[in-house]
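What follows is a short report on a single structure.
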Amino acid sequence: MEKIIGVVSGKGGVGKTTFVANVGLSLIELEKDVVVVDVDLSTSNLGLQLGFYQFPMGLQDVLEGSIPITSAIYTHPSGLKLVPASISLDYLTKVPTPYRLKSLLNDLRGLILVDSPPGLRDDSMLVLKASDEILILTNPEIPAVTDALKIIKVSREMGKEPMGIVLNRMKDKYELKPKEIEGMCDVPIIGMIPEDKNVKRSLFEKTPVIKYRPSSPASLAFRKIAANLIGQEYFSPRFPRLRRWFGK
Ligand SMILES: Nc1ncnc2c1ncn2[C@@H]1O[C@H](COP(=O)(O)OP(=O)(O)O)[C@@H](O)[C@H]1O
Ligand SMILES: [Mg+2]
């Protein structure tokens with residue numbers, strides 16, 4: 001296991017699952033070994049976003065102790081590995097808490113991206129505890145940023161300084177500016193993803209946007225963030241000549 005990056009948010013519905021699926025796939029394009037893990041146990045949909053509809057074993061089975069985590073890995077055609085969470089409600093009452101998420105994740109190989117439930121309840125706290133790095137996802141709107149502030153505070157109280165903020169669904173002038181958000185949170189913004197109608201279309205087509213529309217604005221943003229996460233320079237496909245100069 002290389003590193004566990006927990007993708008968390010205060011508010012729900014800000015785009016964590018979309019982010020984990022698309023950045024995971026972008027990292028595969030960059031030839032990284034990556035596993036995406038769905039720890040949103042009650043409203044899991046990472047598997048669905050990656051086009052998996054049936055998976056006999058999920059994270060809940062691992063948490064129950066019935067199988068090792070390596071038996072709950074599914075491989076996307078791209079090579080991206082996924083540990084899904086079951087979408088069956090039957091598991092809700094069965095999941096043992098507290099469980100040792102980190103020791104289970106330690107058995108995986110490569111870079112681990114964790115899709116988290118929102119908020120500050122037990123399951124999201126586990127993701128904070130299990131992660132080596134915390135990435136805060138938010139929309140540039142006051143309610144989402146206010147909730148992000150809470151999770152940043154809790155993370156700091158655990159001794160974990162968030163590695164950065166990703167702003168998703170940036171749209172128009174009626175929202176907080178990146179500088180304002182950095183000032184409020186005192187955490188650097190490490191990525192910005194525009195509002196992009198192709199994201200919704202890609203859900204409908206059951207294919208993450210970076211595969212469905214590889215050069216749409218959101219896809220380019222996901223690739224740029226993925227490259228930054230592993231310290232690589234990003235060259236937009238819009239500038240092919242520049243890429244050739246740099247031998248990319
Ligand atoms: N950049 C974007 N542009 C347009 N729609 C987006 C974007 N990012 C996410 N969405 C939409 O927002 C909704 C919530 O996204 P999701 O990833 O499920 O959030 P979360 O996992 O934080 O609950 C989905 O309908 C998704 O298609
Ligand atoms: Mg989600």
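The values are calculated or read from the model by the stated rules, or taken from the named source; none is laboratory data. Since this is a predicted model, take the numbers as computed values, not measurements. Here the Cβ is made from the backbone with ideal geometry for all residues, glycine too, and neighbour counts use every protein chain on show.
Counting the residues of the stretch 16-43 that are among the β-branched types (Val, Ile, Thr), touching a strand residue (DSSP E or B) at 6+ places or on another chain (Cβ under 7 Å) and within 13 Å of ligand 1 (Cβ to nearest atom) gives 5.
Those residues that are part of a loop (DSSP other than H, G, I, E, B), surrounded by fewer than 24 Cβ atoms within 10 Å (Cβ to Cβ) and more than 9 Å from ligand 1 (Cβ to nearest atom), I need them from the stretch 1-15; list them, please. Met1, Glu2 - these are the residues of the stretch 1-15 that are part of a loop (DSSP other than H, G, I, E, B), surrounded by fewer than 24 Cβ atoms within 10 Å (Cβ to Cβ) and more than 9 Å from ligand 1 (Cβ to nearest atom). Every condition in (1) at negative phi; (2) surrounded by fewer than 17 Cβ atoms within 10 Å (Cβ to Cβ) holds for Leu167 except the one numbered (2).
Among the residues of the stretch 116-142, the one identified as within 16 Å of ligand 1 (Cβ to nearest atom), over 19 Å from Leu41 (Cβ atoms) and surrounded by fewer than 21 Cβ atoms within 10 Å (Cβ to Cβ) is Glu141.
The strands (runs of 3 or more DSSP E) found entirely in the stretch 81-157 that carry 3 or more residues being within 16 Å of ligand 2 (Cβ to nearest atom) and modelled with pLDDT of 95 or more are 111-115, 133-138. Restricted to the stretch 16-44, and to residues that are at pLDDT 95 or above and surrounded by fewer than 22 Cβ atoms within 10 Å (Cβ to Cβ), which residue is farthest from ligand 2 (Cβ to nearest atom)? Applying the filter and picking the extreme gives Glu31.
Please verify whether the stretch 45-62 includes one or more residues that are under 25 Å from Ser216 (Cβ atoms), away from ligand 2 (no atom under 16 Å from the Cβ) and surrounded by 18 or more Cβ atoms within 10 Å (Cβ to Cβ). No, that holds for no residue. Selection of the stretch 59-80 for residues being within 22 Å of the chain's Cα centre (by Cα) and part of a loop (DSSP other than H, G, I, E, B) yields Ile73, His76, Pro77, Ser78, Gly79, Leu80.
If the condition is being farther than 17 Å from Ile5 by Cβ and in contact with a strand residue (DSSP E or B) (Cβ under 8 Å, 6 or more places away or on another chain), then the stretch 46-58 contributes Gly47, Leu50, Phe52, Phe55, Gly58. Among the residues making up the stretch 199-210, a single one is under 27 Å from Gly231 (Cα atoms) and not β-branched (Val, Ile, Thr): Pro208. For Phe52, the requirement of being free of Cβ contacts under 8 Å to residues at least 40 places away in the same chain, within 16 Å of ligand 1 (Cβ to nearest atom), more than 17 Å from Leu101 (Cβ to Cβ) and not acidic (Asp, Glu) is met.
Please report, ordered by residue number, the helices (runs of 4 or more DSSP H) entirely within the stretch 164-234 with at least 2 residues that are without any contact (Cβ under 8 Å) to a residue 40 or more places away in the chain and touching a strand residue (DSSP E or B) at 6+ places or on another chain (Cβ under 8 Å).
178-185, 217-229
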